[in-house]
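Asker: Below you will find the structure I want to go over with you.
The values are calculated or read from the model by the stated rules, or taken from the named source; none is laboratory data. No experiment lies behind these values; they were computed from the predicted model shown. Because the Cβ atoms are built from the backbone with ideal geometry, glycine has one as well, and the counts that use them run over all protein chains shown.
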């Protein structure tokens, strides 16, 4: 697992932060053949502390590092997972 980017998204006059990682899965998992995939951790906020527990970690297992931008993946998680019920 490797950190790719910290993505900032404006939300309700504040900044929301997500950390996007790339990772691989080993055999015999079905996704092992797909190579590097993206995962997102967050959201974090301006007043978040370094030791704060993340409210979520997520990967679609279909977002490939080579074809999906970290910004697009963080935005998708923000809109469809993190802030869906807010």
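Asker: Does the range 20-42 contain at least one residue that is closer than 14 Å to residue 7 by Cα and part of a loop (DSSP other than H, G, I, E, B)?
Answerer: Scanning the range 20-42 turns up no residue that is closer than 14 Å to residue 7 by Cα and part of a loop (DSSP other than H, G, I, E, B).
Asker: In the range 34-65, which residues are farther than 22 Å from residue 79 by Cβ and at pLDDT 90 or above?
Answerer: 35, 36
Asker: Please determine, by comparing only the residues of the range 16-33 that are out of contact with any helix residue (DSSP H, G or I) (no Cβ under 7 Å at 6 or more places or on another chain) and surrounded by 13 or more Cβ atoms within 10 Å (Cβ to Cβ), which one is farthest from residue 68 (Cα to Cα).
Answerer: Step one: list which residues in the range 16-33 are out of contact with any helix residue (DSSP H, G or I) (no Cβ under 7 Å at 6 or more places or on another chain), which gives 17, 19, 21-24, 27-33.
Next cut, surrounded by 13 or more Cβ atoms within 10 Å (Cβ to Cβ) only: 17, 19, 21-24, 31.
Values: 17: 18, 19: 15, 21: 12, 22: 11, 23: 13, 24: 15, 31: 16 Å.
So the residue we want is 17.
Asker: Next up: Looking at the range 69-78, can you tell me whether even one residue there is over 19 Å from residue 11 (Cα atoms) and either modelled with pLDDT of 90 or more or surrounded by 15 or more Cβ atoms within 10 Å (Cβ to Cβ) (or both)?
Answerer: Taking the range 69-78 and keeping what is over 19 Å from residue 11 (Cα atoms), we get 69.
Among the residues that remain, those that are also either modelled with pLDDT of 90 or more or surrounded by 15 or more Cβ atoms within 10 Å (Cβ to Cβ) (or both) are: 69.
Yes, the range 69-78 contains a residue that is over 19 Å from residue 11 (Cα atoms) and either modelled with pLDDT of 90 or more or surrounded by 15 or more Cβ atoms within 10 Å (Cβ to Cβ) (or both).
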